[in-house]
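The values are calculated or read from the model by the stated rules, or taken from the named source; none is laboratory data. Note that the structure is a prediction, hence the values are computed from the model and not measured. Cβ sites come from the backbone with ideal geometry, for glycine too, and all protein chains shown count toward neighbours.
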């Protein structure tokens, strides 16, 4: 595990965008697993700037997103719409290389299975860019007794729905489709990104606490190629401002389900 602590949110976004731009240079094209949300907005803004400067191309990339609300893809509050506004419409990503969950699918189980098959054909993801919620959720895998291993219909916690409402997502869906923890962990590399003191407790639990479904993000510490990008606020509850932490194998694992 590698931890980078950056002085400001702007420097953090720049560092993560450059890391993603580097992944895009992969011969044959990169497969990216991407998030939405406040953490992603400045990263995508910086990535668009890098693209406009001619230093990153999406022409050979394929993108998958971590999750989607139970709304049609053309709903302005859908995560597909978010990605169109923030990234897809501003870069040279071919339309046929965008993969997304259909949030309003009448048969969510079948839709989730379709998505897993699509990722298996293209993947595993070269890079999974993920954030962490204030309650420790990752994607829409909420704290609980177990975590969905693969893409599934999930129920959103009250705190997550309040967070969505604070971000202006109304009405807030009580359910979503989300990739599973094993889907994320199958990625070749994971970038865990967090900004602000509100995330500090969840970050400390994920990186220094036990691996437990009570903190879904803690499972990311098991990945051999985890890169953590934090600003000073998000890192404020870590026991030390280290750039490298003990290897994941030294931590005790609990099964996700």
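A count restricted to the range 212-255 and to residues that are touching a strand residue (DSSP E or B) at 6+ places or on another chain (Cβ under 8 Å), modelled with pLDDT of 95 or more and in a strand (DSSP E or B) stands at 6. Close contacts from the range 187-211, counting a first residue that is touching a residue at least 60 places away in the same chain (Cβ under 8 Å) and on the phi > 0 side of the Ramachandran plot and a second that is surrounded by fewer than 24 Cβ atoms within 10 Å (Cβ to Cβ) and part of a loop (DSSP other than H, G, I, E, B), with Cβ to Cβ under 8 Å and a gap of 6+ residues or different chains, come to 196/233.
Among the candidates 186, 178, which residue alone is surrounded by 21 or more Cβ atoms within 10 Å (Cβ to Cβ), modelled with pLDDT of 95 or more, within 16 Å of residue 65 (Cα to Cα) and out of contact with any helix residue (DSSP H, G or I) (no Cβ under 6 Å at 6 or more places or on another chain)? One residue alone meets the criteria, 178. Each residue in the range 83-121 was checked for being out of contact with any strand residue (DSSP E or B) (no Cβ under 9 Å at 6 or more places or on another chain), outside any loop (DSSP other than H, G, I, E, B) and in contact (Cβ under 8 Å) with a residue 24 or more places away in the chain, and 4 pass.
Give, as residue ranges, the strands (runs of 3 or more DSSP E) completely inside the range 123-211 that count at least 1 residues that are farther than 19 Å from residue 99 by Cβ and more than 14 Å from the chain's Cα centre (by Cα).
Working: elements: 127-130, 152-155, 175-178, 190-194.
The strands (runs of 3 or more DSSP E) meeting that bar are 152-155, 175-178.
Checked against (1) in contact (Cβ under 8 Å) with a residue 24 or more places away in the chain; (2) crowded, with 19+ Cβ neighbours inside 10 Å; (3) under 21 Å from residue 161 (Cα atoms), residue 80 passes all but a single condition, namely (1).
Any residue in the range 25-38 that is more than 17 Å from residue 97 (Cβ to Cβ), in contact with a helix residue (DSSP H, G or I) (Cβ under 7 Å, 6 or more places away or on another chain) and without any contact (Cβ under 8 Å) to a residue 40 or more places away in the chain? The answer is no; no qualifying residue exists. From the list 9, 73, the lone residue that is within 19 Å of residue 192 (Cα to Cα) and surrounded by 15 or more Cβ atoms within 10 Å (Cβ to Cβ) is 9.
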